[in-house]
Amino acid sequence: GGGLVVVGDGGAARVLTSLDGLPDTRVHAVVETSDGLWVGTEGGAALVRRDRAPAVARTAADVPVRAFLAGATGIYLGTWGAGVLRLIDAEASPSPVAAAGQGKHVTALLTHGGRVHAGYADGPVARLEGTTLRPLAGGPARAQALGVHGERLVAGGIEGIDRLGAGGGSAASIASVDARGFAVASDGRLLVATYGSGLLASTSATGTALKAEPGVPRWVRGVAARGATRCAATTEGLFVDEGAGFRRVPLGGPPSNDVTAIASA
């Protein structure tokens with residue numbers, strides 16, 4: 001509910017809301033591309049240039065955007081109600097990606113094995129085959145988050161975390177937590193943002209056993225890692241670990257401390 005916050009290297013925060021050109025102040029997703037930051041809001045997507053001062057350069061789509069994926073074939077937008085849209089480049093208009101499954105409410109987008117994968121709140125995980133998203137045989141029926149660990153696709157949701165087989169299907173449960181996001185730390189360990197169980201990390205680069213990371217609140221919506229730095233988006237603010245344990249980072253202006261998404265840029 002507090003818009004987009006861009007935190008500089010010195011800790012200074014700049015806040016953008018609908019008054020600055022965002023389609024809506026409620027932000028659900030953010031991703032960095034060579035053109036800037038794509039921001040997904042309840043009212044559509046916006047491209048924010050990161051020159052001297054962050055500013056909205058253009059908007060796209062008029063539906064809620066919950067996920068992004070910047071790939072070699074364009075920018076994919078995961079919408080809440082209109083499936084997956086694709087922009088060929090930053091200046092193009094979005095066009096729908098054909099889907100063979102029933103899902104329309106996209107929760108996550110990911111590239112794995114050179115192919116685009118999509119998670120849905122109302123349908124099975126799908127993989128882009130040619131020009132069509134097709135459900136993965138044996139994959140989970142619904143997913144809130146997608147990630148990769150040990151070259152395997154992992155999918156998380158309210159019912160827990162599944163690790164998919166080498167071919168993308170044959171899901172095996174590895175934890176019964178409400179998973180909201182995944183990242184991989186510099187040491188190869190899997191990081192899991194959970195709603196109710198805090199931030200979890202695998203005990204090794206290849207293992208599936210998870211343990212809670214100290215210093216992070218229980219309700220975590222997202223996680224990111226860049227080098228040795230780890231960040232957690234929580235309902236109590238942004239928490240960062242740069243090697244000395246997690247600490248809360250003051251963001252300044254937003255009226256809400258409920259951080260929904262983060263991207264290291």
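The values are calculated or read from the model by the stated rules, or taken from the named source; none is laboratory data. All values derive from a computational prediction rather than experimental measurement. Cβ placement follows ideal geometry from the backbone for every residue including glycine, while neighbour counts extend to all protein chains displayed. Keep in mind that these areas ignore ligands, DNA and RNA; they rest on the heavy atoms of the full protein, side chains included. Shrake-Rupley method; radii C 1.70, N 1.55, O 1.52, S 1.80 Å.
Tabulated results
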quantity	calculated
Those residues of the range 142-162 which are in a loop (DSSP other than H, G, I, E, B), surrounded by 16 or more Cβ atoms within 10 Å (Cβ to Cβ) and not charged (D, E, K, R), in sequence order	A143, Q144
Qualifying residue in the range 48-55 (condition: under 23 Å from V223 (Cα atoms) and open to solvent by less than 50 Å² (accessible area, probe 1.4 Å))	yes
Extreme residue, farthest from V63 (Cα to Cα), among residues of the range 20-42 that are surrounded by fewer than 20 Cβ atoms within 10 Å (Cβ to Cβ) and of a type in the set (S, T, N, Q)	S34
Only one of R230, R248 that is open to solvent by less than 40 Å² (accessible area, probe 1.4 Å) and among the charged types (D, E, K, R)	R230
Subset of the range 53-65 [free of Cβ contacts under 8 Å to residues at least 40 places away in the same chain, within 26 Å of A12 (Cβ to Cβ) and part of a strand (DSSP E or B)]	A55, A57, R58, T59
Matching strands (runs of 3 or more DSSP E) fully within the range 163-214 where at least 2 residues are touching a Lys or Arg at 6+ places or on another chain (Cβ under 9 Å), among the β-branched types (V, I, T) and crowded, with 22+ Cβ neighbours inside 10 Å	190-194
Residue selected from the range 66-109 under the condition polar (S, T, N, Q) and assigned to a strand (DSSP E or B), by the criterion farthest from the chain's Cα centre (by Cα)	S95
